[in-house]
Each structure stands twice: as C-alpha cells, then as structure tokens.
Ligand code: GCB
C-alpha cells in the first residue's frame with residue numbers, strides 16, 4: 001500500500017531523478033527463457049485492460065505499480081493515476097488504431113488487468129507469454145517489478161510462479177514505443193511506429209519440470225534422410241521421450257546438462273511448396289508433453305544456384321509489411337490467409353517478410369499452404385553498431401525469431417539486415433549475428449540486403465562475403481535511372497553466390513487526385529514493372545525477384561500530396577482490395593517463369 005509517507009518520500013525523487021528508468025531495463029526476458037508452446041493449453045488474457053498513456057513516464061517516477069485497489073473516498077494521498085479505474089483498451093491492439101488522439105503518440109502506456117480466481121498448484125509453473133509488445137515492455141505483478149523485454153516484434157515469457165498468489169492478482173505492463181538510439185530500428189525508418197500490446201497475451205501452465213524448447217530438422221547433408229532433434233528440459237527429468245510416429249520413430253533420450261540431442265536416419269517424404277508434407281512430432285519429459293507439425297526439406301546454395309531438396313529454385317516473391325488500415329500492426333489469421341491467397345494469385349512461391357518478425361502464425365500457415373519465407377530482424381538503415389546495448393538487443397531479437405520459427409519448413413532464409421552503411425563496426429556486428437544464427441540453426445541460409453556502389457556500378461559490400469545469398473535492393477525506374485545499369489552491375493560484380501533482388505518497385509497511387517501519367521501514377525508504376533520484368537531474364541546472376549511490395553502501407557515519412565502518410569508501392573491498395581495494373585504484369589511474368597517459357 002502506498003502510505004502518505006511513501007508518497008512524500010518519493011515526491012522529490014520522482015521530480016528530480018532523471019535516472020528513474022535505469023532500474024527497469026534488465027532485459028531479463030529474452031530468448032533464453034522463451035517457452036516452447038506447441039500443444040500447451042493457454043489461458044487468454046485478451047480483452048479489456050485498464051489503460052492510460054503516460055507521456056512523462058510519471059508512472060515509473062511515481063511508482064504507480066505500488067498503488068492498491070481502493071475506493072476513491074478511502075484514499076488518503078493525492079494520486080495522478082488510478083490503475084483500477086478510468087479508461088480501458090482492448091488487448092491485443094495498437095493504440096493508434098483505437099483512438100484518433102493517440103495516432104502519433106510515442107512514449108509509455110500502462111496496461112492493468114486483474115487475474116481473478118487464480119488457483120495455483122504447488123507442482124506447476126505459470127508463465128506469462130506476450131506475443132509482441134512494441135518496444136519495451138516492463139512487467140509488474142502484484143506491485144512488484146519482475147523485469148522487462150526489449151524488441152518490438154518477438155515473443156517473450158515471464159515465469160510468474162513465485163510472484164502469484166491464490167485468488168486475485170494484479171498484472172501491470174508498461175509498454176514504451178519511443179524511437180531511441182539503442183533500439184532496432186533506430187529513429188528513422190519507412191514504416192509506421194505502432195505501439196502497444198498488439199499480439200496475444202496468455203498464461204501457460206507447465207509442470208515444474210518442463211520442456212523449454214524442441215528443435216527438429218532435416219540435416220542438410222544431401223542425403224535427405226537424417227533428422228536431428230534437440231530438446232531443452234528445465235527441471236529434474238533425466239530422460240525425454242521423442243516420437244515421429246508416422247515414420248515409426250520412438251526414442252528415449254538421456255538429458256545431459258539440460259539438453260537431449262540425437263539424430264537418426266529414416267525414410268521421409270520431403271516438404272516442398274508443391275507438397276507441403278508435415279509430420280507430427282512429440283516430446284515428453286515427466287508430466288510435460290509438447291508437440292509440433294514439422295516439414296523436412298533441405299535448402300542450400302551451389303555456386304549461384306539456390307536449391308530446394310536438390311532442385312534448382314527460382315524465388316518468385318513479393319515483399320510484405322505487417323500493416324492494416326484498421327488494425328495497424330495487429331494481424332489475424334484471416335488477414336494472413338488473404339495475404340497468401342493474393343501472393344499465390346501472383347504466382348509467387350515466396351514472400352519476404354519485411355523488416356521485422358511478423359506474427360508467428362505466418363510461418364505456420366506458410367508451412368501448411370506451401371510458401372517459402374524470408375524472415376528478418378529490424379536491423380535497418382542507421383543503427384548504433386558501436387553500442388553494446390544495441391548488439392545485445394539485435395542478437396536477442398534474432399535468437400528469439402530463430403527459436404520461435406526454426407521448426408518451420410517454410411522459413412528458408414534468416415536476414416540479418418537491410419541497407420546498412422558498410423563500416424567496420426557494422427561488419428563486426430553483422431558477422432557476430434551471422435555466426436550466432438548459423439550456430440542456432442544449421443538448416444537455413446543467411447542473407448541481408450546489401451549495398452551497391454553506384455559510381456562503380458557494382459555490388460560493393462563487405463558483408464556479402466559472409467552471406468549465403470546476396471540481397472540486392474535496386475529501384476531502376478524509380479530512385480535509379482538507367483535499366484541497362486542492371487546488366488552492367490552484374491558484369492562488374494560477377495557474384496560467385498546467388499543474388500536475389502530483394503526490392504524494386506515504384507509508387508502508384510490510386511486516388512482521384514493522383515497523377516494519371518508520370519511518377520506516382522498507376523501507369524508509370526506499371527511501366528517500371530514492364531521494364532523490370534523485361535530485364536530480368538537477361539540477368540543470369542539473379543535467382544529471385546521480390547518487388548516492393550504486396551500492399552500499400554502506412555509510413556509517417558511519406559507526406560507528399562499523393563501519399564499522405566502511405567508508401568504506395570503496393571501492387572494492391574492499402575485496403576487490400578484493388579489490384580493495380582502492375583499486379584497483372586507481375587502475375588503474368590511469374591506464370592511464364594513457372595512454365596519455363598522465358599528465355
Ligand atoms: C527501401 C527500403 C524499404 C523502403 C523502400 C522504399 O530500399 O528497404 O524499407 O520502404 O526502399 O519504398 O523506398
């Protein structure tokens with residue numbers, strides 16, 4: 001309870017201490033305690049939460065989390081906020097999409113929810129799992145700070161077991177979406193800075209001994225028959241059982257230092273976009289049991305070729321942001337399925353999920369419907385590469401993404417960055433990330449959108465040497481002029497590994513006031529696509545094409561009279577309904593590639 005004396009004591013402190021937030025940045029919720037969720041029962045905490053914005057961080061300064069639930073009449077202190085009364089918000093959501101007045105808000109916001117009738121059994125653990133909160137999320141349970149998570153697009157788990165009590169509990173979350181120099185992205189980017197708890201918030205119960213992680217993959221040794229398993233167990237079990245029943249595999253594995261590892265040879269049907277075959281796998285340790293549906297495939301690079309299951313693969317792709325006119329960065333299964341239907345209508349076999357981890361359902365559904373994915377962390381444009389705090393955050397976001405999605409056959413590429421300037425600090429930072437990704441997952445390729453030296457007309461980026469695939473963002477017809485340079489670029493670069501055009505495109509605005517010809521017109525955009533697709537067959541160094549992008553999306557930096565807060569390089573309008581002329585040009589081009597009728 002916050003007594004008058006506590007308020008008085010804190011009054012001076014809270015006005016003058018500019019280090020007030022230091023103690024709340026432990027980043028102790030991270031990839032190391034991310035819980036495997038397949039097959040677990042979840043208690044949803046979606047719904048109405050008490051909510052307020054907090055521009056000055058008064059809540060941290062005054063310690064609002066100490067406030068108890070009381071009738072206003074019985075409060076003896078002055079107070080600036082009551083976490084148990086006043087405004088509410090629906091979780092999950094982006095606050096910009098809930099109230100017009102909050103549209104450009106960047107700062108802290110407080111979410112409070114009581115968890116009633118809690119029954120906690122002595123032999124279980126209770127975790128709070130948050131699908132994503134942009135960007136910093138501090139957790140307070142029963143008036144106590146227990147830690148925070150950094151990173152706006154990956155899930156995290158907090159073990160609440162020791163902090164909960166039987167009956168009623170108070171959960172408070174402080175979410176902050178400021179753009180600061182120690183975050184990724186840093187302060188400047190080309191998408192909207194949505195804020196809030198915009199993915200699911202859940203409680204998950206496990207036995208005291210529990211399976212923290214399950215990683216199952218096809219060993220990329222060219223034999224297509226060896227499966228590796230790595231299971232992390234917390235607690236007292238000495239063995240863990242693993243099954244892949246359809247292949248007749250039932251194993252009991254010893255746990256050494258918290259891990260059980262093995263590999264075995266078995267006949268399996270490979271996963272591919274054409275035949276997205278998945279196998280049911282289970283693991284159990286003591287009373288804990290988890291499962292997953294896993295596809296097995298091998299992706300590799302031979303010279304300038306990308307191969308899937310030994311077959312040469314051309315990536316017919318499109319970029320996609322996670323953005324919706326009404327929901328912002330919050331997404332739904334229906335929206336993801338529509339995205340995939342639209343991509344398939346374009347004859348795509350692949351999507352680049354720009355520029356941060358999208359909802360975890362995306363890769364699950366891609367596994368099911370047979371689409372390949374590029375997944376990325378927001379290591380975008382200018383980053384404070386020298387800052388150890390940034391390094392820690394980037395590494396953690398990459399690991400959280402990998403741990404979350406490494407059982408997904410659809411995900412074939414981890415991307416570590418997009419268009420960062422080539423400095424020594426960046427190279428060191430990126431090679432650290434690449435090494436960590438390769439260690440955490442030997443079954444995928446690593447890429448990044450690299451830099452072009454336009455004066456020399458050459459891909460010139462020291463990072464390229466460390467990647468499996470070179471990502472090339474080229475905007476001939478939009479930011480760059482002469483299409484013939486594309487051919488020159490290939491000649492001068494003579495890449496020894498596959499290049500994928502990770503971005504290209506042009507603005508095409510569909511509104512009554514938009515120009516009918518010239519830049520920003522639909523016709524101009526279509527013309528750029530016509531030229532791009534005419535040049536592509538001449539570029540034998542290119543093994544995939546990923547135009548920018550499927551849908552128009554919100555971006556604060558795009559404020560000319562036609563854009564008005566939107567990047568309009570989408571093949572489909574922001575309401576996801578109207579296909580622009582370029583959509584059909586790309587669709588027909590991909591159809592020809594599919595049929596092998598392009599020379
Ligand atoms: C780029 C960026 C992408 C932008 C795009 C554009 O090179 O990677 O994030 O949105 O160009 O539209 O200019």
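The values are calculated or read from the model by the stated rules, or taken from the named source; none is laboratory data. Just so you know, these numbers come straight off a predicted model, no measurement behind them. Positions of Cβ are generated from backbone atoms using ideal geometry, with glycine treated the same way; all protein chains shown enter the neighbour counts.
Please enumerate the residues belonging to region 310-342 that are away from the ligand (no atom under 16 Å from the Cβ) and under 19 Å from residue 596 (Cα atoms). Can you show your working first?
Of the residues in region 310-342, the ones away from the ligand (no atom under 16 Å from the Cβ) are 310-316, 324-328, 330-342.
Answer for region 310-342, where residues must be away from the ligand (no atom under 16 Å from the Cβ) and under 19 Å from residue 596 (Cα atoms): 310, 311, 312, 313, 314, 315, 316.
Output the residue which, of all residues in region 365-401 that are touching a strand residue (DSSP E or B) at 6+ places or on another chain (Cβ under 9 Å) and without any contact (Cβ under 8 Å) to a residue 60 or more places away in the chain, is nearest to residue 292 (Cα to Cα). So that I can check it myself, show each step before the final result.
First, the residues of region 365-401 that are touching a strand residue (DSSP E or B) at 6+ places or on another chain (Cβ under 9 Å): 366-368, 371-381, 383, 389, 392-394, 396-398, 400-401.
So of that shortlist, the ones also without any contact (Cβ under 8 Å) to a residue 60 or more places away in the chain come out as 366, 373, 375-376, 398.
Values: 366: 15, 373: 19, 375: 20, 376: 23, 398: 21 Å.
Per the criteria, the residue is 366.
Filter region 505-515 down to residues that are in contact (Cβ under 8 Å) with a residue 12 or more places away in the chain and more than 16 Å from the ligand (Cβ to nearest atom) and give me whichever is surrounded by the fewest Cβ atoms within 10 Å (Cβ to Cβ). Don't jump to the end; show me each part of the working.
Initial filter on region 505-515 (in contact (Cβ under 8 Å) with a residue 12 or more places away in the chain): 505-511, 513-515.
Those still in the list that are more than 16 Å from the ligand (Cβ to nearest atom) too: 510-511, 513-515.
Numbers: 510: 19, 511: 13, 513: 8, 514: 16, 515: 13.
Restricting to residues being in contact (Cβ under 8 Å) with a residue 12 or more places away in the chain and more than 16 Å from the ligand (Cβ to nearest atom), the top hit is 513.
Please go through region 476-489 and pick out each residue that is touching a residue at least 24 places away in the same chain (Cβ under 8 Å), part of a helix (DSSP H, G or I) and surrounded by fewer than 19 Cβ atoms within 10 Å (Cβ to Cβ). Full working, then the answer.
Filtering region 476-489 down to residues touching a residue at least 24 places away in the same chain (Cβ under 8 Å) leaves 476-478, 480, 483, 485-489.
Subsequent filtering for residues that are part of a helix (DSSP H, G or I) retains 485-489.
Listed by number, the residues that qualify are 485, 487, 488.
Which residues, counting only those in region 550-594, are away from the ligand (no atom under 16 Å from the Cβ), within 19 Å of residue 478 (Cβ to Cβ) and touching a helix residue (DSSP H, G or I) at 6+ places or on another chain (Cβ under 7 Å)?
Across region 550-594, the qualifying residues are 581, 585, 586, 589.
Mind counting the residues in region 300-323 that are in a strand (DSSP E or B) and touching a residue at least 12 places away in the same chain (Cβ under 8 Å)?
Filtering region 300-323 down to residues in a strand (DSSP E or B) leaves 300-302, 305-308, 311-312, 315-320.
With the extra rule that they be touching a residue at least 12 places away in the same chain (Cβ under 8 Å), the set shrinks to 300-301, 305-306, 308, 315-320.
Residues flagged as in a strand (DSSP E or B) and touching a residue at least 12 places away in the same chain (Cβ under 8 Å) within region 300-323 amount to 11.
Could you please let me know if residue 524 is at pLDDT 95 or above, more than 32 Å from the chain's Cα centre (by Cα) and within 16 Å of the ligand (Cβ to nearest atom)? So that I can check it myself, show each step before the final result.
Numbers: at pLDDT 95 or above: yes; more than 32 Å from the chain's Cα centre (by Cα): yes; within 16 Å of the ligand (Cβ to nearest atom): yes.
Here the answer is yes, as residue 524 does meet what is asked.
Could you tell me whether any residue of region 159-168 is more than 16 Å from the ligand (Cβ to nearest atom), surrounded by fewer than 24 Cβ atoms within 10 Å (Cβ to Cβ) and within 20 Å of residue 396 (Cβ to Cβ)?
First, pick out the residues of region 159-168 that are more than 16 Å from the ligand (Cβ to nearest atom): 159-168.
Checking which are surrounded by fewer than 24 Cβ atoms within 10 Å (Cβ to Cβ) leaves us with 159-168.
Retained after the next criterion (residues that are within 20 Å of residue 396 (Cβ to Cβ)): 159.
Looking through region 159-168, at least one residue is more than 16 Å from the ligand (Cβ to nearest atom), surrounded by fewer than 24 Cβ atoms within 10 Å (Cβ to Cβ) and within 20 Å of residue 396 (Cβ to Cβ).
Test of understanding: among 447, 443, which residue is within 14 Å of the ligand (Cβ to nearest atom) and either at pLDDT 95 or above or buried (at least 19 other Cβ atoms within 10 Å of the Cβ) (or both)? Steps first, please.
Numbers: 443 fails: within 14 Å of the ligand (Cβ to nearest atom).
Among 447, 443, only 447 is within 14 Å of the ligand (Cβ to nearest atom) and either at pLDDT 95 or above or buried (at least 19 other Cβ atoms within 10 Å of the Cβ) (or both).
Looking at residue 140, is it surrounded by 17 or more Cβ atoms within 10 Å (Cβ to Cβ) and out of contact with any strand residue (DSSP E or B) (no Cβ under 6 Å at 6 or more places or on another chain)? Let's see the steps before the verdict.
Working: surrounded by 17 or more Cβ atoms within 10 Å (Cβ to Cβ): yes; out of contact with any strand residue (DSSP E or B) (no Cβ under 6 Å at 6 or more places or on another chain): no.
Criteria not met by residue 140.
Just give me the residues in region 375-433 being within 16 Å of the ligand (Cβ to nearest atom) and within 19 Å of residue 156 (Cα to Cα), in sequence order.
Passing the criteria: 375, 376, 377, 378.
Which of the following residues is surrounded by 18 or more Cβ atoms within 10 Å (Cβ to Cβ) and assigned to a loop (DSSP other than H, G, I, E, B): 331, 390?
When all the criteria are applied, what remains is 331.
List, please: which pairs have Cβ atoms under 6 Å, are six or more places apart or on different chains, and start with a residue in region 456-468 that is touching a residue at least 24 places away in the same chain (Cβ under 8 Å) and end with one that is assigned to a loop (DSSP other than H, G, I, E, B)?
461/422; 461/451; 462/422
Any chance region 352-362 includes a residue that's over 17 Å from residue 315 (Cβ atoms), touching a residue at least 24 places away in the same chain (Cβ under 8 Å), buried (at least 23 other Cβ atoms within 10 Å of the Cβ) and over 13 Å from the mean Cα position of the chain (by Cα)?
Taking every residue of region 352-362 in turn, none turns out to be over 17 Å from residue 315 (Cβ atoms), touching a residue at least 24 places away in the same chain (Cβ under 8 Å), buried (at least 23 other Cβ atoms within 10 Å of the Cβ) and over 13 Å from the mean Cα position of the chain (by Cα).
With (1) outside any loop (DSSP other than H, G, I, E, B); (2) in contact with a helix residue (DSSP H, G or I) (Cβ under 9 Å, 6 or more places away or on another chain); (3) closer than 24 Å to residue 401 by Cβ as the list, and residue 449 as the residue in question, which single condition is left unmet?
Of the numbered conditions (1) outside any loop (DSSP other than H, G, I, E, B); (2) in contact with a helix residue (DSSP H, G or I) (Cβ under 9 Å, 6 or more places away or on another chain); (3) closer than 24 Å to residue 401 by Cβ, the odd one out for residue 449 is (2).
Please verify whether residue 236 is surrounded by fewer than 18 Cβ atoms within 10 Å (Cβ to Cβ) and more than 16 Å from the ligand (Cβ to nearest atom), treating the condition exactly as stated. Explain how you work it out, then say what you get.
Values: surrounded by fewer than 18 Cβ atoms within 10 Å (Cβ to Cβ): yes; more than 16 Å from the ligand (Cβ to nearest atom): yes.
So residue 236 fits the description; yes.
Report whether or not residue 477 is in contact with a helix residue (DSSP H, G or I) (Cβ under 6 Å, 6 or more places away or on another chain), within 16 Å of the ligand (Cβ to nearest atom) and more than 24 Å from residue 541 (Cα to Cα).
Numbers: in contact with a helix residue (DSSP H, G or I) (Cβ under 6 Å, 6 or more places away or on another chain): yes; within 16 Å of the ligand (Cβ to nearest atom): yes; more than 24 Å from residue 541 (Cα to Cα): no.
Against the criterion (in contact with a helix residue (DSSP H, G or I) (Cβ under 6 Å, 6 or more places away or on another chain), within 16 Å of the ligand (Cβ to nearest atom) and more than 24 Å from residue 541 (Cα to Cα)), residue 477 does not qualify.
Are any of the residues in region 465-473 more than 16 Å from the ligand (Cβ to nearest atom) and over 15 Å from residue 376 (Cα atoms)?
yes
Any idea how many residues of region 169-191 are within 16 Å of the ligand (Cβ to nearest atom) and touching a helix residue (DSSP H, G or I) at 6+ places or on another chain (Cβ under 9 Å)?
The total comes to 2.
Among the residues of region 547-599, what is the count of those that are modelled with pLDDT under 95 and on the phi > 0 side of the Ramachandran plot?
Residues meeting the conditions: 1.
Read through the list (1) more than 25 Å from residue 459 (Cα to Cα); (2) surrounded by 20 or more Cβ atoms within 10 Å (Cβ to Cβ); (3) in contact (Cβ under 8 Å) with a residue 24 or more places away in the chain, then give the number of the only condition that residue 524 fails.
(3)
Here are 551, 541: which of them is surrounded by fewer than 22 Cβ atoms within 10 Å (Cβ to Cβ) and closer than 28 Å to residue 470 by Cα?
Numbers: 551 fails: surrounded by fewer than 22 Cβ atoms within 10 Å (Cβ to Cβ).
Answer to the check: 541.
Could you check, for region 38-58, whether at least one of its residues is in a loop (DSSP other than H, G, I, E, B), at negative phi, modelled with pLDDT of 95 or more and touching a helix residue (DSSP H, G or I) at 6+ places or on another chain (Cβ under 8 Å)?
No - not one qualifying residue is present in region 38-58.
A quick yes/no check of all residues on (1) within 16 Å of the ligand (Cβ to nearest atom); (2) in a loop (DSSP other than H, G, I, E, B); (3) without any contact (Cβ under 8 Å) to a residue 24 or more places away in the chain:
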{"position": "491", "(1), (2), (3)": "no, no, yes"}
{"position": "501", "(1), (2), (3)": "yes, no, no"}
{"position": "517", "(1), (2), (3)": "no, yes, yes"}
{"position": "537", "(1), (2), (3)": "no, no, no"}
{"position": "548", "(1), (2), (3)": "yes, yes, no"}
